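Okay, so here's the structure we're looking at.
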Amino acid sequence: MKFTILIVDDEKNIRSGLARALELEGYDVLTAEDGLAAWNTINARDVDAVIADLKMPKLSGEELLKRVSSSYPTLPVIILTGHGTIESAVSAMRDGAFDFVTKPVNLDRLALLVKRALSNRSLHLEHAALKEEMELLKKKQKFSKIVGKSSRMKQVMDIVEQVSNTRASVLITGESGVGKELIADALHDLSDRSQKPYVKVHCAALTESLLESELFGHEKGAFTGAAARKRGRFELADKGTIFLDEIGEISSQVQIKILRVLQERTFERVGGEESVSVDVRIISATNKDLKREIEAGHFREDLFYRLNVVHVHVPALRERKEDIPLLSTAFLKEFSEENRKQVQGISHKASALLYNYSWPGNIRELRNCMESSVVLSKGDVIEVEDLPLSVRQEHDDERVIIPVGITMEEAQKKIIQATLNHLNGNKSRTAEVLDIGRKTLHRKLQDYRID
C-alpha cells in the first residue's frame, strides 16, 4: 500500500524540498500553499497524513488541525513550527496533532514521525476493515457467534448447517477452549428444535451419584435428602436438545443409562420403577480421545458409536491462525465497550506476537488475553507491553547477544543483521521493527556492508 502525504506551507522552497525528500522515501506527495487549499484537497482526495505549517494565510495551521480533528479524527497531522512558535505547536498537540517538527526540518526525524503516524493510521484502517469483515461474515453465516473465515472453520460450519435439522446424535471433539459449546449452540439454534428446550450439562462438574440424579431425576425418598420427586435434565429437554459436555468423564453406570435413552428413548428416575419416554436429541463433547478410553476400558464402545453418528472436530487455534486477527478484533470490540475504553486497534508488533503464539488454551486463552490487554492499555492501541507475559516471553529465545566492550556501531550492525535475518531479508519490515526510516536503513546497510 502506497501512502499519500499532503504538505502544507506558504513557502514554496519548503514545500518542494519536503516533497522531494518524502518522495525518495516512497510516498506519493501532494502540496498546498495555504490552509484553505489544503482543506479542499483533504475533502477531494485520499490523504493519509498531513504536514502543515502553523502560520499560513487564509486558514492557519491551528484552524486546519481543528477541522481535520473534527471531520477526520484518524488522519494524523504533523505540525511544522519555528523556534518562536514551539509553545503554539505544543498547544496544537493537545488539540490533536500527532507531533511537531521545528524548522529547519531534520529530514530523518520527519521521516520517522511520518512512518509512526502512518503506522497508527494503518492500524485504525485495518481495525475498521476487520470489523467490517466480521460483520459481513456474521451476515453470511447463519450463526453469528462463531467467528472464523479459515478453511478449517468453513468445513466445520458446513457440517453444522448440513446436519442441524436432523435428529442424528453429534459428537464434538477438540482441545479445551476451542469453542465446542458454541458448535453445540449452533446445532440447536439452526435446527427445527430451536424453539424447544435446550439443556446443558457439564458432566465433569458433578459426582457420579449427583450426575445420575441430575440427568434422570429421582423419586421422593430415593436417597437421603430426596424430599420430593425431581425431574431430570433429559425430561426437561423433551422435544428439544440436551448437550452433554465432557462426556468422557461419566461413569460406566451412567453410560449404560444414556445408551438406553439413545436406543429406546426411555429411562427410569433414580429410585423409581416407572419408565419415562422422551424425544431428545443428544449432542455431546469431549477433549479426550474416546477410542483410547475404549481401549483402556473406561468408555463403552457401543455408546461411542451411538453418540458418534456425526463427528465434528473443532481445530485448535494454532491450526487456524488466519482467524486470529478476526477473533482479536471481535474480543477487542467486546471488551472496549464493556470497559468503556476507546481502544481502536493492535500494533503490528503486538499482532505479530499474537499470531506467532502457540495458544495452548486456544480461543478461551485469546479471549482472556484481549480482556487483560484492553484493561491494561494506556492508549488507543494495544502495544506489546499490554500483552500478558506468557505471550511476550514465548519467543524470547530469538535474541541478539551484545558482548560488553564492543562499539555502538558494532552493536547496531549486529541488531540490524539479526533483524534482517529474522524477517527473511524484508527491508521494509526491518525498518518498521527497528523504528527507523527506510532511507536510514539503506544507508546503514551500505555503511556496515550488510548484504
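The values are calculated or read from the model by the stated rules, or taken from the named source; none is laboratory data. Predicted model, so just to flag it, every value in this text is computed and none were measured. Cβ sites come from the backbone with ideal geometry, for glycine too, and all protein chains shown count toward neighbours.
The residues in region 70-97 that are at pLDDT 85 or above and either outside the structural domain of Ile14 (by TED's automatic domain parsing) or within 29 Å of the chain's Cα centre (by Cα) (or both) can be counted, and the count is 5. Given the structure, is Val29 surrounded by fewer than 20 Cβ atoms within 10 Å (Cβ to Cβ) and assigned to a strand (DSSP E or B)? Judged against the criteria, Val29 is a match.
Exactly one residue out of Glu273, Glu365, Glu334 is out of contact with any strand residue (DSSP E or B) (no Cβ under 9 Å at 6 or more places or on another chain), acidic (Asp, Glu), part of a helix (DSSP H, G or I) and surrounded by fewer than 18 Cβ atoms within 10 Å (Cβ to Cβ), and it is Glu334. Of the residues making up region 399-420, just one is among the polar types (S, T, N, Q), free of Cβ contacts under 8 Å to residues at least 24 places away in the same chain and either in contact with a Phe, Trp or Tyr (Cβ under 9 Å, 6 or more places away or on another chain) or surrounded by 11 or more Cβ atoms within 10 Å (Cβ to Cβ) (or both), namely Thr419.
Can you say whether Glu264 is among the charged types (D, E, K, R) and either surrounded by 12 or more Cβ atoms within 10 Å (Cβ to Cβ) or touching a Phe, Trp or Tyr at 6+ places or on another chain (Cβ under 7 Å) (or both), as far as the supplied structure shows? For Glu264, the condition - among the charged types (D, E, K, R) and either surrounded by 12 or more Cβ atoms within 10 Å (Cβ to Cβ) or touching a Phe, Trp or Tyr at 6+ places or on another chain (Cβ under 7 Å) (or both) - is not met. Within region 175-199, residues that are free of Cβ contacts under 8 Å to residues at least 24 places away in the same chain and of a type outside the set (Ser, Thr, Tyr) sit with their Cβ atoms under 9 Å from residues that are outside any helix (DSSP H, G or I) and surrounded by 17 or more Cβ atoms within 10 Å (Cβ to Cβ), at 6+ positions apart or across chains, in these pairs: Gln195/Gly240. Out of (1) exposed (fewer than 15 other Cβ atoms within 10 Å of the Cβ); (2) more than 30 Å from Pro325 (Cα to Cα); (3) of a type in the set (S, T, N, Q), the odd one out for Ser71 is which? Going through (1) exposed (fewer than 15 other Cβ atoms within 10 Å of the Cβ); (2) more than 30 Å from Pro325 (Cα to Cα); (3) of a type in the set (S, T, N, Q) one by one, Ser71 breaks only (2). When residues in region 195-239 are screened for being more than 25 Å from Ile183 (Cβ to Cβ) and aliphatic (A, V, I, L, M), 5 of them pass.
Which of (1) exposed (fewer than 13 other Cβ atoms within 10 Å of the Cβ); (2) among the charged types (D, E, K, R); (3) under 25 Å from the mean Cα position of the chain (by Cα) does Asp447 not meet, given it meets every other one? All conditions are met except number (3). Within region 42-57, does at least one residue satisfy the condition of being surrounded by fewer than 20 Cβ atoms within 10 Å (Cβ to Cβ) and modelled with pLDDT under 85? Within region 42-57, one or more residues are surrounded by fewer than 20 Cβ atoms within 10 Å (Cβ to Cβ) and modelled with pLDDT under 85. Elements of the type strands (runs of 3 or more DSSP E) sitting completely within region 40-135 and holding at least 3 residues that are in contact with a Leu (Cβ under 7 Å, 6 or more places away or on another chain): these cover 49-53, 77-81. Annotation note: of Arg306, Arg318, the sole residue that is modelled with pLDDT of 95 or more, in a helix (DSSP H, G or I) and more than 11 Å from the chain's Cα centre (by Cα) is Arg306.
Output yes when any residue across region 118-126 is at pLDDT 80 or above and under 29 Å from the mean Cα position of the chain (by Cα), and no when none is. Yes; the residues of region 118-126 include at least one that is at pLDDT 80 or above and under 29 Å from the mean Cα position of the chain (by Cα). Assess whether Phe299 counts as being assigned to a loop (DSSP other than H, G, I, E, B), buried (at least 19 other Cβ atoms within 10 Å of the Cβ) and in the same structural domain as Ser176 (by TED's automatic domain parsing). When the stated conditions are applied, Phe299 passes them.
For region 160-191, the candidate set comprises residues that are under 25 Å from the mean Cα position of the chain (by Cα) and part of a loop (DSSP other than H, G, I, E, B); within that set, the residue that is nearest to Ala285 (Cα to Cα) is Gly174.
Scanning region 2-24 for residues that are assigned to a loop (DSSP other than H, G, I, E, B) and in contact with a Leu (Cβ under 9 Å, 6 or more places away or on another chain), which turns out surrounded by the most Cβ atoms within 10 Å (Cβ to Cβ)? Among them, the one singled out is Asp9. Restricting attention to region 206-226 and to residues that are out of contact with any His (no Cβ under 9 Å at 6 or more places or on another chain) and assigned to a helix (DSSP H, G or I), the residue that is farthest from Leu244 (Cα to Cα) turns out to be Ser209.
Among the residues making up region 413-433, those that are within 34 Å of the chain's Cα centre (by Cα) and more than 19 Å from Asn356 (Cα to Cα) are Lys414, Ile415, Ile416, Gln417, Lys427, Ser428, Ala431. Entry remark, region 227-264: residues being closer than 20 Å to Ile294 by Cβ and in a helix (DSSP H, G or I) number 15 in total.
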